[in-house]
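The values are calculated or read from the model by the stated rules, or taken from the named source; none is laboratory data. What you are looking at is a predicted structure, and each value in this text was computed from that prediction instead of being measured. Cβ sites come from the backbone with ideal geometry, for glycine too, and all protein chains shown count toward neighbours. The protein model used for the area step is the full one, side chains on, heavy atoms only, and it has no ligands, DNA or RNA in it. Shrake-Rupley method; radii C 1.70, N 1.55, O 1.52, S 1.80 Å.
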Amino acid sequence: MNILTLPGDGIGPEVTAEAVRVLREADRRFGLGVQVGEALIGGAAIDAHGKPLPDETLAAARAADAILLGAVGGPRWDNLERALRPEKGLLGIRSALGLFANLRPAILYPQLADASTLKPEVVAGLDILIVRELTGGIYFGEPRGIRTLDNGERQGFNTDVYSESEIRRIGRLAFELARKRGRRVCSVDKANVLEVTVLWREVMEQLATDYPDVELSHMYVDNAAMQLVRAPRQFDVMVTGNLFGDILSDAAAMLTGSIGMLPSASLDASGKGMYEPVHGSAPDIAGQGKANPLAAVLSVAMMLRYTFGHARAADAIEAAVGQVLDAGLRTGDIMTPGCRQVDTRGMGEALCAALRGD
Ligand code: IPM
Ligand code: MG
């Protein structure tokens with residue numbers, strides 16, 4: 001297993017280090033044959049090479065079987081021009097590697113029901129999979145920019161665009177994944193206003209005829225945002241475009257108690273993937289050992305499951321997370337009365353001990 005880590009910025013390096021610690025422990029236990037390399041992305045790459053996605057990083061990413069990314073961005077780089085910002089490194093690697101399918105599961109660990117800002121009875125048993133299209137839509141659509149009109153006023157513009165084939169490949173994956181879960185797909189769009197999503201809805205309807213065993217429903221994105229906080233357990237798989245998926249997955253994250261709990265997988269057509277916590281670089285707590293590494297650790301579990309097909313190792317890591325939560329260990333973001341607060345490294349070490357069966 002040739003794995004490239006891209007720790008990035010802010011809390012990225014801290015959480016990635018713990019995820020790698022857990023990966024190495026799983027390697028010892030299951031004999032995975034893990035090789036771990038490292039490269040720069042985001043602000044760290046800007047500081048070293050003047051650009052957020054250096055050629056050597058992209059080459060190493062292409063050569064790897066799977067990539068583990070920490071997080072990118074921070075106030076230090078916010079005033080650079082857009083093409084040189086850290087976020088551009090992340091968007092660039094997603095696009096260059098064709099990672100069109102972003103899987104963002106939102107699962108509530110029963111131990112954390114009290115950490116959610118929603119009532120425990122609303123979120124208990126929550127298990128949603130958001131399937132976000134990741135290389136198209138308004139994030140990448142052309143034309144885009146800021147232009148000056150004849151009257152001297154400036155105007156910003158972007159283009160939301162999806163071709164049938166782009167919709168079909170993400171839709172198909174959502175249906176396939178639903179087959180392995182609750183057999184329900186909710187496609188989220190804004191078909192009452194945006195033509196691009198009128199087509200999205202049509203293509204989803206066509207696809208549904210290939211999956212008579214899966215129930216397809218449609219929801220406007222504004223309603224979906226409301227339903228996510230009103231009655232989130234109604235959802236099984238949600239499939240949506242790039243921008244809506246970005247927004248809804250943050251909302252879904254909070255249902256689970258903390259965005260510090262959410263892993264993600266970004267897959268290409270052949271299952272190669274980049275795995276990353278959904279949370280950002282959290283510059284306010286960077287370098288203080290306060291970050292929750294569980295999202296990064298659970299991203300490693302997703303990697304073992306989706307890219308390497310090693311369900312036993314993935315299950316073991318997920319079980320270790322359950323065990324440390326059962327034991328009452330918490331980072332600050334999920335701390336509740338009666339539990340024991342640990343730092344980033346303490347959480348990683350506890351997970352390794354659980355994996356060893358200590
Ligand atoms: C995410 C992030 C990124 C996105 C940013 C950092 C470019 O918010 O992965 O959800 O918008 O896709
Ligand atoms: Mg986001």
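In plain terms, the C-alpha convex hull of region 244-310 casts an average shadow of 5.4 nm² when viewed from every direction. The mean sequence distance of close C-alpha pairs (under 8 Å, at least 6 residues apart), as a share of the length of region 100-224, puts its relative contact order at 19 percent. Only one residue of S249, G182, Q288 has its Cα farthest out toward the positive end of the dipole of the chain, where Lys and Arg carry +1 and Asp and Glu -1 on Cβ, and that residue is G182.
Suppose every Lys and Arg Cβ carries +1 and every Asp and Glu Cβ carries -1, with no other charges. What dipole size does the chain come out with about its Cα centre, to the nearest 20 debye?
Numbers: 37 positive and 45 negative charges, 107 e Å.
For the chain, the charge dipole is close to 520 debye.
Measure out, as a whole number of angstrom, how far apart the alpha-carbon centroids of region 6-80 and region 181-240 sit. Cα centroid to Cα centroid, the span is 33 Å. Given +1 at the Cβ of Lys and Arg, -1 at the Cβ of Asp and Glu and no other charges, the dipole of region 1-123 around its Cα centre is 220 debye to the nearest 20. In whole percents, the pair-distance distribution calculated for region 70-110 from its alpha-carbon pairs, binned every 5 Å from zero, is 5, 19, 18, 19, 14, 13, 8, 3, 1.
So what's the projected area for region 75-147, the Cα convex hull averaged over all directions, in nm²?
Details: hull surface 31.4 nm².
About 7.9 nm², averaged over all directions.
Peptides 205-214, 304-313, ordered by how many other C-beta atoms sit within 10 Å of their residues on average, highest first, read 304-313, 205-214. Bridge orientation summary for the chain: considering DSSP beta bridges with both residues in this region, about 40 percent are antiparallel. Here the accessible area of the chain is 50 percent carbon and sulfur, with a 1.4 angstrom probe and all protein chains present.
Only bridges with both residues in region 117-256 count here: give the DSSP antiparallel percent, nearest 5.
On the way: 4 of 18 bridges.
Here the antiparallel bridges make up roughly 20 percent for region 117-256.
Taken over the C-alpha atoms, region 117-256 has Rg and Dmax values of 16.7, 57 angstrom. Taking a straight Cα-Cα cut-off under 23 Å and skipping sequence neighbours fewer than 8 places away in the same chain, the lysines within cross-link reach of K51 are K88.
If you take the alpha carbon radius of gyration of the chain and divide it by 2.2 N^0.38 Å, what ratio comes out, to two decimals? The partial results should precede the final answer.
Values: Rg = 20.2 Å, N = 358, 2.2 N^0.38 = 20.6 Å.
Here the answer is 0.98, to two decimals.
Computed from backbone phi, the HN-Hα couplings of region 25-34 come to 5, 5, 4, 4, 6, 10, x, 6, x, 7 Hz, rounded to whole numbers (Karplus: 6.51 cos²θ - 1.76 cosθ + 1.60, θ = phi - 60°; Gly and Pro given as x). Karplus-based coupling profile of region 66-77, in residue order and whole Hz: 7, 10, 10, 10, x, 6, 10, x, x, x, 4, 10, with θ = phi - 60° in 6.51 cos²θ - 1.76 cosθ + 1.60 and x standing for Gly or Pro. Size descriptors for region 1-46, from the alpha-carbon set: Rg then Dmax equal 11.7, 37 Å. Each of T148, L90, A301 was scored by the projection of its Cα onto the charge dipole of the chain, and the greatest displacement toward the positive side belongs to A301; charges sit on the C-beta of Lys, Arg, Asp and Glu.
Applied to region 329-341, the Karplus parametrisation 6.51 cos²θ - 1.76 cosθ + 1.60 on θ = phi - 60° returns per-residue 3J(HN,Hα) values of 7, 9, 7, x, 5, 10, 5, 9, x, x, 9, 10, 7 Hz, with x for Gly and Pro.
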